[in-house]
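Asks: One structure coming up, written as structure tokens, with questions to follow.
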Amino acid sequence: MRVAIFGTGYVGLVTGTCLADVGHQVVCVDIDQAKVDGLNQGIIPIYEPGLEPMVKANHAATRLAFTTDAAAAIDHGQVVFIAVGTPPDEDGSADLQYVLAVARTIGRHMSVPTVVVNKSTVPVGTADKVRAAIAEELATRGADIAFDVVSNPEFLKEGDAVADCMRPDRIIIGAANEESVAVMRRLYAPFNRNHDRVVEMDVRSAELTKYAANAMLATKISFMNEIANIAERVGADVEQVRQGIGSDPRIGWHFIYPGAGYGGSCFPKDVQALARTAQQYGLEPKLLNAVEAVNDAQKGHLFALIQRHYDKGEDEGVRGKTFAVWGLAFKPNTDDMREASSRRLLAQLWEAGATVRAYDPEAMHESQRIFGERDDLVFCNSADEALQGADALVVVTEWKQFRSPDFQKLREQLKDAAVFDGRNLYEPAEVEAAGLAYYGIGRGR
Ligand code: UGA
């Protein structure tokens, strides 16, 4: 099938590449000429395992093209995806200006019946707004062309996006008419072998499904972080508690890892946006607000542990200290630092007069862009380099390569012999046996 995709960000690029990979003819559109030029030369603007070779192969096979020419792309597409950003407004609700701008562009250039698909995470009711924007443009030019707007939210995880896209656990199709459902089923047929993963529903339910999924996952994390804080106070180890509850299939093993708080481009934004939607409809979203508040507090937890260790009051203990920080990305296997817990930690350390020696396997470039040059930040080329001259180690992101350091060596390198483990990667007893002080999340034993 012929597909056009607006937006070559995370969602658009991965979706377009995977659709091309199963044989569809895909044209990806972006307003950023430099990005489009780069993509046509095989330069991928994001770090995502497995994506680059796929983009190159499908581009070489002429199934995948990148352009700034919206009109030509709309002409090409039987199905036109909207996969542009929905950044939070000042009040936390999703800003729809980019989505609606694409809708108007589609209305201006559409020449044959088209299925328009909302892939961006958009508040309930957005499909109606997209429909109205397209209809208005069609009316302005006196065109009478059939179209439908379908909600087809994405469930990609950064770092696993290609696998998630090629082997989806569900394909949500929110549509008002049968013909659109049939078109979408045909498009996704290559991903839907063996058993039916398509869940058909009405448009608004599909829009809400996306938020409900992310809000539920965020809730699990905040719940565990709250349990961790209780564990810390009562002298229990939340890692043992986690193992004790995960075996209950009603609870499950996934997303019950306490840590330095959730970040990324989805959970913080989507929980807030869903809360705003509830408020707009006169509901007080008590649980969602709590999920967000717990997470916000959790992002400050590592620093609180550091302060506790250097308990000299008024930050004097932390002032002048140097911290090796392992991990800056909001999670492993990405260079994404949006809403990353590391950003809060670094700000707090700097505020307290400390110096940071930072290392992340992928996010160094991104962190340089965000933080710029400053005296109290040293960008390091390896985990080991970050330790040189450091007083203590703080682990913020659970990259595999941080999982089994030589604790004896750490003991020799760290002047204050302290490890702050923001992702509970280490066995406290093992760290302590090497003569290091250990602080984890919710490990009060
Ligand atoms: C999330 C969802 O998992 C995807 O299903 C969804 O499609 C995506 O948002 C989206 O809406 O686009 P993502 O933001 O890439 O994916 O990352 P996750 O793997 O979900 O991690 C989010 C954050 O939660 C990370 O900061 C991670 O460290 C944290 N986390 C995750 C925990 O603190 N504990 C856990 O047990 C799991």
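Asks: Is the shape of region 2-201 best called rounded, prolate or oblate, per the rule: a/c under 1.5 gives rounded, else a/b larger than b/c gives prolate, else oblate, with a ≥ b ≥ c the square roots of the Cα gyration tensor eigenvalues?
Replies: Details: a/c = 1.36, a/b = 1.21, b/c = 1.12.
Taking the square roots of the gyration eigenvalues as a ≥ b ≥ c, region 2-201 is rounded.
Asks: Same structure, new question: Using every Cα-Cα pair within the chain, state what percent have a distance larger than 36 Å.
Replies: Tail of the P(r) past 36 Å holds 35 percent of the pairs.
Asks: Just the accessible area for ASP406, please: 1.4 Å probe, Å², rounded to the nearest 10?
Replies: 90
Asks: Could you please put TYR211, TYR281, TYR10, TYR98 in sequence from largest to smallest accessible area, using a 1.4 Å probe? Please report the intermediate quantities before stating the final value.
Replies: Working: TYR211 5, TYR281 150, TYR10 35, TYR98 110 Å².
Per-residue accessible area, sorted high to low, gives TYR281, TYR98, TYR10, TYR211.
Asks: Oh, and also: Name the GluC sites (Glu not before Pro) in region 314-363 that are in a loop by DSSP and that have at most 14 other C-beta atoms within 10 Å, would you?
Replies: Working: sites: GLU314, GLU316, GLU339, GLU351, GLU362; in loops: GLU314, GLU316, GLU339, GLU362.
Counting only loop positions with at most 14 other Cβ atoms within 10 Å, the GluC sites (Glu not before Pro) in region 314-363 are GLU314, GLU316.
Asks: In the chain, what percentage of the DSSP-assigned beta bridges are antiparallel, given to the nearest 5?
Replies: On the way: 3 of 48 bridges.
Given both bridge residues lie in the chain, the antiparallel proportion sits at roughly 5 percent.
Asks: Right, another one. Would you mind getting me the FRET efficiency between GLN97 and ASN381? Use the beta-carbon distance for r and R0 = 45 Å, nearest 0.05.
Replies: Values: r = 40 Å, r/R0 = 0.89.
E(calc), rounded to 0.05, equals 0.65.
Asks: What ranking of GLU412, GLU207, GLU430 comes out by heavy-atom accessible area, probe 1.4 Å, highest first? Intermediate values should be presented prior to the final figure.
Replies: Working: GLU412 145, GLU207 5, GLU430 110 Å².
Ranking GLU412, GLU207, GLU430 by accessible area, largest first, yields GLU412, GLU430, GLU207.
Asks: Within region 211-297, what whole-number % of the accessible surface is contributed by carbon and sulfur, with the 1.4 Å probe and all protein chains included in the calculation? Can you show the working numbers first?
Replies: Details: 2710 of 4360 Å².
Answer for region 211-297: carbon and sulfur cover 62 percent of the accessible area.
Asks: Which lysines, if any, have their Cα less than 28 Å from the Cα of LYS299, not counting same-chain residues under 8 positions apart?
Replies: Hits, sequence-local ones excluded: LYS157, LYS210, LYS220, LYS269, LYS286, LYS312, LYS321, LYS331, LYS400, LYS415.
Asks: Can you give the helix-only mean residue ellipticity at 222 nm for the chain, where every DSSP H stretch with n ≥ 4 adds -39500 (n - 2.57) and the sum goes over all residues, rounded to the nearest 500 deg cm²/dmol? Don't skip to the answer; put the middle values down first.
Replies: Numbers: 18 runs with 196 residues, N = 445.
Helix contribution divided over all residues of the chain: -13500 deg cm²/dmol.
Asks: Of VAL80, ALA60, GLY38, whose Cα points farthest to the positive end of the dipole of region 1-106 (charges on the beta-carbon: +1 Lys, Arg; -1 Asp, Glu; origin at the Cα centre)?
Replies: ALA60
Asks: Tell me, what is the per residue accessible area of the chain in Å², probe radius 1.4 Å? Kindly include the intermediate steps, with their values, before the conclusion.
Replies: Details: 19390 Å² over 445 residues.
Computed with neighbouring chains in place, this is 44 Å² per residue.
Asks: For the chain, set up a Gaussian network in which alpha carbons nearer than 10 Å are linked by springs, and say which option among VAL27, VAL294, VAL117 fluctuates the most.
Replies: VAL294
Asks: Between ASP160 and VAL198, what is the spin-label point distance in nm, taking each point 7 Å from the Cα along the Cα→C-beta axis?
Replies: Each label point is offset 7 Å from its Cα along the Cβ direction, giving 2.5 nm.
Asks: Between SER205 and ALA143, what is the spin-label point distance in nm, taking each point 7 Å from the Cα along the Cα→C-beta axis?
Replies: 3.3
Asks: In addition: Sticking with the crude label model, points 7 Å out along Cα→Cβ, report the distance from ALA347 to ALA297 in nm, one decimal please.
Replies: Roughly 1.9 nm, to one decimal.
Asks: In what order, largest first, do LEU208, LEU349 sit by accessible area if the probe radius is 1.4 Å?
Replies: LEU208, LEU349
Asks: Moving on to the next point. Dipole size in debye (nearest 20) for the chain around its Cα centre, Lys and Arg Cβ +1, Asp and Glu Cβ -1?
Replies: Numbers: 46 positive and 62 negative charges, 145 e Å.
Here the size comes out at about 700 debye.
Asks: On to the next question. I need the Kirkwood Rh of region 276-379: take the reciprocal of the average 1/r across all distinct C-alpha pairs and report it in angstrom.
Replies: One over the average 1/r among Cα pairs gives 15.3 Å for region 276-379.
Asks: Give me the percent of accessible area attributable to carbon and sulfur for region 299-439, probe 1.4 angstrom.
Replies: Details: 2460 of 6140 Å².
After summing per-atom areas, the C and S share lands at 40 percent.
Asks: Unpartnered cysteines of the chain (Cβ-Cβ under 4.7 Å counts as a partner)?
Replies: CYS28, CYS266, CYS380
Asks: Among ALA290, MET337, ALA278, flag the residue with its Cα farthest along the positive direction of the charge dipole of region 274-352, charges on Cβ as +1 for Lys/Arg and -1 for Asp/Glu.
Replies: Towards the positive end, the residue furthest out is MET337.
Asks: Need one word for region 96-245: rounded, prolate or oblate. Basis is the Cα gyration tensor (sqrt eigenvalues a ≥ b ≥ c); a/c below 1.5 gives rounded, then a/b vs b/c decides. Don't jump to the answer; show the numbers that get you there.
Replies: Working: a/c = 3.44, a/b = 2.11, b/c = 1.63.
It comes out prolate by the Cα gyration axes.
Asks: Right, next: For region 2-201, what proportion of DSSP beta bridges, expressed in % and rounded to the nearest 5, is antiparallel?
Replies: Details: 2 of 28 bridges.
Expressed as a percentage, antiparallel bridges in region 2-201 total about 5.
Asks: Normalising by the residue count of the chain, find the relative contact order in percent from Cα pairs under 8 Å and 6+ residues apart. Can you show the working numbers first?
Replies: Details: 870 pairs, mean separation 53.4, N = 445.
Value for the chain: 12 percent.
The values are calculated or read from the model by the stated rules, or taken from the named source; none is laboratory data. Just so it is clear, the model here is predicted, and its values are computed rather than measured. Reconstructed Cβ throughout: ideal geometry from the backbone, glycine too, with neighbour counts over all protein chains shown. To get the accessible areas, we keep the full protein, side chains included, count just its heavy atoms, and leave off ligands, DNA and RNA. Shrake-Rupley method; radii C 1.70, N 1.55, O 1.52, S 1.80 Å.
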